[in-house]
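The values are calculated or read from the model by the stated rules, or taken from the named source; none is laboratory data. Bear in mind the structure is a predicted one, so any value in this text is a computation, not a measurement. With ideal geometry, Cβ positions are generated from the backbone for all residues, glycine too; neighbour counts draw on all protein chains shown.
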Amino acid sequence: FVLELGTEELPPSVVSGFKTEPEKKELVQALLSSTGLIENGLDFDIYITPRRLIMYIKNLPRHYNKNTEGPPSKIAYDNEGNPTKALEGFLRKTGASLEDIVNTPEKDGERVVVSRRLSTKEVIVENAPKLIKCFESFKTMLWDAENPVKFPRPIRWVLALFGNEVVPVNIAGITASNITYGHRLLAPKPIRVKDARDLFTKLRKRCVIYDAEERKQKIEKYLKKKNWYKNGQLLEEVSALVEFPAFIDGIFDRGYLALPHEALIASMSKNQRIFLLEDGKGRFTNKFVAVINGNIRGKKRIGFHYEQVLNAKLKDALFFYNEDLKTPMRERAKQLNGVIFHKALGTYADKVNRMERLAADCREILNLSKDEFDRIITVCQLCKADLLTQMVGEFPSLQGIMGKYYSLAEGLEKEVAQAIEEHYKPRFADDTLPEAKAGSVVALLDKLDSVAGHFKAGNRPKGNWDLYALRRQSIGIIRIIIDSKMGGISLKYMFSRIFDLVPGSADIEETKRLFLDFMKERTIMMMSTQYNFRYDLIDAVSAAGFDDIYNFYLRLCELNNIIDEFVFEQARCVVERTNNIIKGQKEFTPSADQALLQDGIEKELFLIYDDIKLEMRQLIDSRQYAKATQLYGGRLFDAIHKYFDEVMVNVKDERLRANRLRLMKDINSLYTEGIADLARIAK
């Protein structure tokens, strides 16, 4: 079976997004699974071009059995064997009758299962229109007044063939046929298709490469031959713009190579989506390659126009660059009080001021020297100044980058210029992190101010809504803290400081809770998916606090290194046994009274605890969590087992019981409050 939706030109974000995001194919798979088709071991492919979406299901039978589970038999029938309301409701929902029921044995009895023989063609007619819902996460528009449909672009034709038979699917008011169209310019006439496989043969003959990966590989092969400057993002975009790639080689004025490399690339990528070429030594040349949609006539004339437009655009860019150099960065920074960061968070000057004050708060925590601190303050003051330049106004992706070049041109030290560029990092999921210390600190402060500030303003992410990219920025915060080993940064403290500095009013405790829950959720997700720590270990360590993210990460690392050792199991047993006895106890005496300790193992256990508690705290303070675990488990394991064998904790004497519970609490807290609650570790 093949279904083709012919559209007006789809945006490249839709074409590349559908290709690169696996969840889109999962949505299609979920739709097919709901019909029971996938359960029959069928496979399917999805192809997308700027002008069409194709779904091809292989080896589809004309009829198939669909099994739907219902209620357990004991609920489906009454004592006399008559159908209950539960069974009647299930049959109405599935459109089945009593004759369709089979009973399936299970561990706890039988379950009602409806098995129906379905016509594949009828199922397709009913469910194919739902395919367009897979596009709802993209920016869509409402098409067709009579049959309103949300889709990125208008649907112009529908082809649906089951073998050589047309399936009368109706999508967006268009009834399917066996007619398709080739390349818009090279083969625009209608094409009659015999069967599902014939579609692919005829599309290739009509200059349509329907496989997005094949288009990308064809473009990349040509560019490699020409020695291109690698630009993966542009390659993805261009391969999503054409159905049949063809190429034009051109040149531009060598004088424009004086532009900063990033500015040259930005101008060529944004304005004309063309690729810059290098020489054999990796140096930029004045040559380029443009990708066009098909080997059409007049390529020489098209190439001439590409060159004319590119030279004009680069002339503008060079003019902007030279004009920007005339105004010092500090002069531009003074104008930031006229640029709004966010209506609830003030201007960029306000943001810079907050970052400076946060830097002062972190000076002692991060053990910054005077030179390092002065450098960080300079970066804070200048890092947003290039937002007022003509180059960044024209090419927003160059923010920070142009600030670096302008700072170097003014003679500022290299690390300051580098930090101005790097403070935006990481810009996306797999981006590199700042290398300069000043860049790392300012990047952290910038992102903390944005995330915490937006939480106070009520702009926290909800569902798919994350207008201010707070999830991405929170991941950046976590990565920077861990990579730069920034121990001692308290999320609670930093939030409280930002909350006080940001204008407006909000409930600080509730907003702080929401912020910390958000950061905890992102941190736990990263530890599991990117660092591959066991979830039960993450849960145990987070129970002892995650306010200091680097400390949290170190505890995970050290415990993960010894999790399979016997000493870890010893410590886990001590925590678990003490936890079990104090669970549910809400009040404890201030401290264990030695005078109430009885002879034998009780005094021995207390003496062991008293002997190791100072060393435990020293090891925890110095972040030697593996050694602390070895000390705790090694010294207390035998004693705690002997104690529970010989001593009854919950005795009738209230003073004695309270004292023993206090001792159990002290032993438990000695480890769980500073390292991890090992009672949460799966045995």
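Within region 176-193, residues that are touching a residue at least 60 places away in the same chain (Cβ under 8 Å) reach partners that are of a type in the set (A, V, I, L, M) and part of a loop (DSSP other than H, G, I, E, B) with beta carbons closer than 8 Å, at six or more positions or on different chains, in the pairs 176/167; 176/169; 180/193; 181/187; 183/208; 185/296; 186/296. Tell me which residues, restricted to region 191-250, are closer than 25 Å to residue 301 by Cα and small (Gly, Ala, Ser). Of everything in region 191-250, those that are closer than 25 Å to residue 301 by Cα and small (Gly, Ala, Ser) turn out to be 239, 240, 246, 250.
The rows are residues; the columns are (1) over 40 Å from the mean Cα position of the chain (by Cα); (2) buried (at least 17 other Cβ atoms within 10 Å of the Cβ); (3) without any contact (Cβ under 8 Å) to a residue 12 or more places away in the chain.
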{"residue": "622", "(1), (2), (3)": "no, no, yes"}
{"residue": "628", "(1), (2), (3)": "no, yes, no"}
{"residue": "633", "(1), (2), (3)": "no, yes, no"}
{"residue": "642", "(1), (2), (3)": "yes, no, no"}
{"residue": "647", "(1), (2), (3)": "yes, no, no"}
{"residue": "654", "(1), (2), (3)": "yes, no, yes"}
{"residue": "659", "(1), (2), (3)": "yes, yes, no"}
{"residue": "663", "(1), (2), (3)": "yes, yes, no"}
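For region 75-156, which strands (runs of 3 or more DSSP E) that fit wholly inside it have 2 or more residues that are over 24 Å from residue 171 (Cα atoms), out of contact with any strand residue (DSSP E or B) (no Cβ under 7 Å at 6 or more places or on another chain) and at pLDDT below 75? Steps first, answer last, please.
Numbers: elements: 101-106, 109-119, 141-143, 149-151.
Here the list reads 101-106.
One residue stands out among those in region 429-460 that are surrounded by fewer than 17 Cβ atoms within 10 Å (Cβ to Cβ) and over 25 Å from residue 412 (Cβ atoms): the one that is nearest to the chain's Cα centre (by Cα), which is 429.
Residues considered: 238, 242, 208. Of these, the only one that is under 30 Å from residue 315 (Cα atoms) and part of a loop (DSSP other than H, G, I, E, B) is 242.
Residues that are buried (at least 17 other Cβ atoms within 10 Å of the Cβ) and within 47 Å of the chain's Cα centre (by Cα) were ranked within region 583-611; the one that is modelled with the lowest pLDDT is 588. Against the condition out of contact with any Gly (no Cβ under 7 Å at 6 or more places or on another chain), closer than 17 Å to residue 449 by Cα, at pLDDT below 95 and of a type outside the set (Phe, Trp, Tyr), how does residue 505 come out, does it pass? Criteria met by residue 505. Among residues that are acidic (Asp, Glu), surrounded by 15 or more Cβ atoms within 10 Å (Cβ to Cβ), closer than 14 Å to residue 228 by Cβ and in contact with a strand residue (DSSP E or B) (Cβ under 9 Å, 6 or more places away or on another chain), residue 278 is included.
This table checks each residue for (1) β-branched (Val, Ile, Thr); (2) more than 29 Å from the chain's Cα centre (by Cα); (3) in the same structural domain as residue 456 (by TED's automatic domain parsing); (4) farther than 16 Å from residue 445 by Cβ.
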residue	(1), (2), (3), (4)
334	no, yes, no, yes
350	no, yes, yes, no
354	no, no, yes, no
360	no, yes, yes, no
366	no, no, yes, no
374	no, yes, yes, no
378	yes, yes, yes, no
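Using the structure shown, decide if residue 255 is surrounded by fewer than 18 Cβ atoms within 10 Å (Cβ to Cβ), under 26 Å from residue 52 (Cα atoms) and of a type in the set (Gly, Ala, Ser). Lay out the reasoning, then the answer.
Working: surrounded by fewer than 18 Cβ atoms within 10 Å (Cβ to Cβ): yes; under 26 Å from residue 52 (Cα atoms): no; of a type in the set (Gly, Ala, Ser): yes.
Judged against the criteria, residue 255 is not a match.
Only one of the numbered conditions (1) part of a helix (DSSP H, G or I); (2) over 19 Å from residue 341 (Cα atoms) is not met by residue 451, and that is (2).
Among helices (runs of 4 or more DSSP H) entirely within region 285-386, having at least 2 residues that are within 30 Å of residue 184 (Cβ to Cβ) singles out 299-324.
Would you mind stating whether residue 623 is within 26 Å of residue 544 (Cα to Cα), at pLDDT 85 or above and not in a helix (DSSP H, G or I)?
On the way: within 26 Å of residue 544 (Cα to Cα): yes; at pLDDT 85 or above: yes; not in a helix (DSSP H, G or I): yes.
Spelling it out, residue 623 is indeed within 26 Å of residue 544 (Cα to Cα), at pLDDT 85 or above and not in a helix (DSSP H, G or I).
Mind listing whichever residues of region 508-543 are exposed (fewer than 15 other Cβ atoms within 10 Å of the Cβ) and of a type in the set (Phe, Trp, Tyr)? Passing the criteria: 531, 535. A Cβ distance below 9 Å, combined with a sequence gap of six or more or placement on separate chains, defines the contacts here; from region 201-224, residues that are in contact (Cβ under 8 Å) with a residue 40 or more places away in the chain and over 15 Å from residue 290 (Cα atoms) reach residues that are charged (D, E, K, R) and in a helix (DSSP H, G or I) in the pairs 208/202; 209/215; 209/218; 210/204; 212/19; 213/19. Taken over region 294-347, the criterion of being out of contact with any helix residue (DSSP H, G or I) (no Cβ under 9 Å at 6 or more places or on another chain), without any contact (Cβ under 8 Å) to a residue 40 or more places away in the chain and either closer than 30 Å to residue 453 by Cα or surrounded by 17 or more Cβ atoms within 10 Å (Cβ to Cβ) (or both) is satisfied by 343 alone.
Can you spot a residue in region 31-48 that is at pLDDT 75 or above and either more than 21 Å from residue 121 (Cβ to Cβ) or touching a Gly at 6+ places or on another chain (Cβ under 6 Å) (or both)? Within region 31-48, one or more residues are at pLDDT 75 or above and either more than 21 Å from residue 121 (Cβ to Cβ) or touching a Gly at 6+ places or on another chain (Cβ under 6 Å) (or both). In the set 417, 436, 429, only one residue is more than 15 Å from residue 484 (Cβ to Cβ), of a type in the set (A, V, I, L, M, F, W, C) and at pLDDT below 95; that residue is 429. Entry remark, region 51-77: residues being of a type in the set (A, V, I, L, M) and surrounded by fewer than 18 Cβ atoms within 10 Å (Cβ to Cβ) number 1 in total.
This table checks each residue for (1) touching a strand residue (DSSP E or B) at 6+ places or on another chain (Cβ under 6 Å); (2) assigned to a helix (DSSP H, G or I); (3) modelled with pLDDT under 95.
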site: 467; (1), (2), (3): no, no, yes
site: 479; (1), (2), (3): no, yes, no
site: 482; (1), (2), (3): no, yes, no
site: 485; (1), (2), (3): no, no, no
site: 497; (1), (2), (3): no, yes, no
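Kindly indicate whether residue 356 is modelled with pLDDT of 95 or more and in contact with a Cys (Cβ under 6 Å, 6 or more places away or on another chain). Taking the combined requirement at face value, the residue satisfies it.
Just wondering, is there one or more residues in region 182-195 that are over 26 Å from residue 237 (Cβ atoms), crowded, with 21+ Cβ neighbours inside 10 Å and either hydroxyl-bearing (Ser, Thr, Tyr) or in the same structural domain as residue 52 (by TED's automatic domain parsing) (or both)? Scanning region 182-195 turns up at least one residue that is over 26 Å from residue 237 (Cβ atoms), crowded, with 21+ Cβ neighbours inside 10 Å and either hydroxyl-bearing (Ser, Thr, Tyr) or in the same structural domain as residue 52 (by TED's automatic domain parsing) (or both).
Yes/no per residue for (1) outside the structural domain of residue 651 (by TED's automatic domain parsing); (2) in contact (Cβ under 8 Å) with a residue 24 or more places away in the chain; (3) under 16 Å from residue 682 (Cβ atoms):
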{"site": "542", "(1), (2), (3)": "yes, no, yes"}
{"site": "546", "(1), (2), (3)": "yes, yes, no"}
{"site": "567", "(1), (2), (3)": "no, yes, no"}
{"site": "573", "(1), (2), (3)": "no, yes, yes"}
{"site": "578", "(1), (2), (3)": "no, yes, no"}
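Hey, can you tell me all the residues within region 161-181 that are of a type in the set (S, T, N, Q) and either touching a Ser or Thr at 6+ places or on another chain (Cβ under 9 Å) or surrounded by fewer than 15 Cβ atoms within 10 Å (Cβ to Cβ) (or both)? Within region 161-181, 164, 170, 175 meet the criteria.
Regarding residue 240, is this residue outside the structural domain of residue 407 (by TED's automatic domain parsing), within 17 Å of residue 220 (Cβ to Cβ) and touching a residue at least 40 places away in the same chain (Cβ under 8 Å)? First the steps, then the outcome.
Details: outside the structural domain of residue 407 (by TED's automatic domain parsing): yes; within 17 Å of residue 220 (Cβ to Cβ): yes; touching a residue at least 40 places away in the same chain (Cβ under 8 Å): yes.
Yes: the conditions hold for residue 240.
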